[in-house]
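The values are calculated or read from the model by the stated rules, or taken from the named source; none is laboratory data. The shown structure was predicted, so the numbers you read here are calculated from the model rather than taken from an experiment. For the accessible areas, the whole protein counts, side chains as well, though only heavy atoms, and no ligand, DNA or RNA atoms are used. Shrake-Rupley method; radii C 1.70, N 1.55, O 1.52, S 1.80 Å.
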Amino acid sequence: MYDTGDVDRPAAGLLVQWFANDGGHDASRVKEGSHLLMEWRKECMATHGWYLHDTPPDQP
């Protein structure tokens with residue numbers, strides 16, 4: 001397992017590692033990169049209390 005840095009935002013660290021490991025130069029890793037980018041986006045949005053329409057938070 002990789003050290004992602006901030007335990008509250010693991011996708012951010014994984015995305016940085018993907019780029020550091022030449023993921024951006026390897027066409028076979030495009031799906032992996034797009035998934036990590038989407039997860040990072042969700043983390044950033046959640047920090048501000050936002051969420052994607054297709055993934056609403058649980059309602060009490």
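Across Arg41, Arg29, the residue with the most accessible area heads the list, and the full order at a 1.4 Å probe is Arg41, Arg29.
When all protein chains stay in place and ligands, DNA and RNA are ignored, the 1.4 Å accessible-area order of Leu14, Leu52, Leu37, largest first, is Leu37, Leu14, Leu52.
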